[in-house]
Amino acid sequence: MPSPFLYFANERLSPAELSAARLDGHLVELGEAYIPADAVETRALRAGSLSGLLGDSLAATHLSAAWIHGALHEPPARHTVQRAVARRLHHVIGRRLQYRDLRVDPDDLTTIGGVLVTLPERTLADLSRVPDAEYAAAGRMLADALPGLAARSILWLESHGALPHKRSALAFLRELAERESAGAGQDDVTR
């Protein structure tokens, strides 16, 4: 059941009515939808705002999943998605999406707000395998938001076979795990 807090164009309100409500301060944009200005932004609302883009056959991954999990303040300009069903998709995917055809293992997915999203461990492992500063920053923020995530992502990567950029990803994740354990040690000293 869709959230009553999410407003999509041409569902309950027309695009003109949504724009007027936004200009009046009653609604704010959230992903591909609008929410009441006084609503608390949650993972479920962030994920649910992408339901029209993802449907039942795509899963949010990489930066999109990091945004849903709360690591990023703003959604990415193009959402990164991967096939979440066994069959290949033959319809036009859309310019708003960066599509990866490789199927995401169902064990690596969770449903949030009616949308399939990669688990935090898988999301951090995916972010760490992309050699890009934006992805590294998102990975740091995700690891900071969820204590112990870097260590769990290391285990995830080690339990999977050969993957592109795996060696550099493991080095990055070990650095994050060490930084977290050093921070925990600092907290113990200051108490």
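The values are calculated or read from the model by the stated rules, or taken from the named source; none is laboratory data. Being a predicted model, the structure only gives us computed values, none of them experimental. Cβ placement follows ideal geometry from the backbone for every residue including glycine, while neighbour counts extend to all protein chains displayed. Surface accessibility is based on the protein's heavy atoms, side chains included, excluding ligands, DNA and RNA. Shrake-Rupley method; radii C 1.70, N 1.55, O 1.52, S 1.80 Å.
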Surface share of carbon and sulfur [accessible, 1.4 angstrom probe, percent] for the stretch 50-128 = 50
What does the charge add up to near Met141, with Lys and Arg as +1, Asp and Glu as -1, over the other residues with Cβ less than 15 Å from its Cβ?
-> -3
Using a Gaussian network model of the chain with C-alpha springs under 10 Å, which one of Glu29, Glu11, Glu41 is most mobile by mean-square fluctuation?
-> Glu11
CD proxy, 222 nm, the chain: helix-only mean residue ellipticity via -39,500 (n - 2.57) per DSSP H run with n ≥ 4, per residue, nearest 500, stands at -13000 deg cm²/dmol
Additional length obtainable on full extension of the chain from Ala86 to Glu29, 0.36 nm per residue less Cα span = 17.2 nm
With +1 on the Cβ of every Lys and Arg and -1 on the Cβ of every Asp and Glu, the dipole magnitude of the stretch 1-105 about its Cα centre, in debye rounded to the nearest 20, is 600
Given the stretch 1-113, what percent of its DSSP beta bridges are antiparallel, to the nearest 5?
-> 60
Given the candidates His73, Leu163, Met141, the one whose Cα lies deepest towards the positive end of the charge dipole of the chain, counting +1 at each Lys or Arg C-beta and -1 at each Asp or Glu C-beta, is Leu163
Residues whose modelled amide H sits under 5 Å from the amide H of Leu30, counting only those 5 or more places away in sequence or on another chain, are Ile35
Would you kindly state how much longer the chain becomes between Asp101 and Leu13 on full extension, computed as 0.36 nm times their sequence separation minus their alpha carbon distance, in nm to one decimal?
-> 28.3 nm
Length-normalised contact order of the chain, Cα under 8 Å, at least 6 apart, in percent, tallies to 17
Solvent-accessible area of Asp101 with every protein chain in place, 1.4 Å probe, in Å² to the nearest 10 = 40
Mind checking the full-extension length gain between Glu158 and Thr111? Use 0.36 nm per residue of separation minus the Cα-Cα distance, one decimal, nm.
-> 14.5 nm
For Leu173, net neighbour charge (Lys/Arg +1, Asp/Glu -1) across residues whose Cβ lies under 14 Å away | +1
Among DSSP beta bridges lying fully in the chain, give the percent that are antiparallel, nearest 5.
-> 65
Ala137 and His165 label points (each 7 Å along its Cα→Cβ direction) are spaced in nm at 1.6
Going by a ≥ b ≥ c, the root eigenvalues of the Cα gyration tensor, does the chain fall in the rounded group (a/c under 1.5), the prolate group (a/b larger than b/c) or the oblate group?
-> oblate
Cβ charges +1 (Lys, Arg) and -1 (Asp, Glu), total dipole of the chain, debye = 660
Accessible solvent surface per residue of the chain, calculated while the other protein chains remain in place, 1.4 angstrom probe, Å² = 55
Arg174 paired with Arg43, simple spin-label distance in nm, labels 7 Å along Cα-to-beta-carbon = 2.9
Counting only residues 5 or more apart in sequence or on a different chain, those whose built amide H sits under 5 Å from that of Leu146 are none
For the stretch 34-39, Karplus couplings with θ = phi - 60° (6.51, -1.76, 1.60), whole Hz, Gly/Pro x | 10, 10, x, 4, 9, 6
Label-to-label distance, nm, for residues given as Asp56 and Glu74 (7 Å Cα→Cβ offset) | 3.5
Among Leu54, Leu102, Leu173, whose mean-square fluctuation peaks in a Gaussian network model of the chain (Cα, cutoff 10 Å)?
-> Leu102
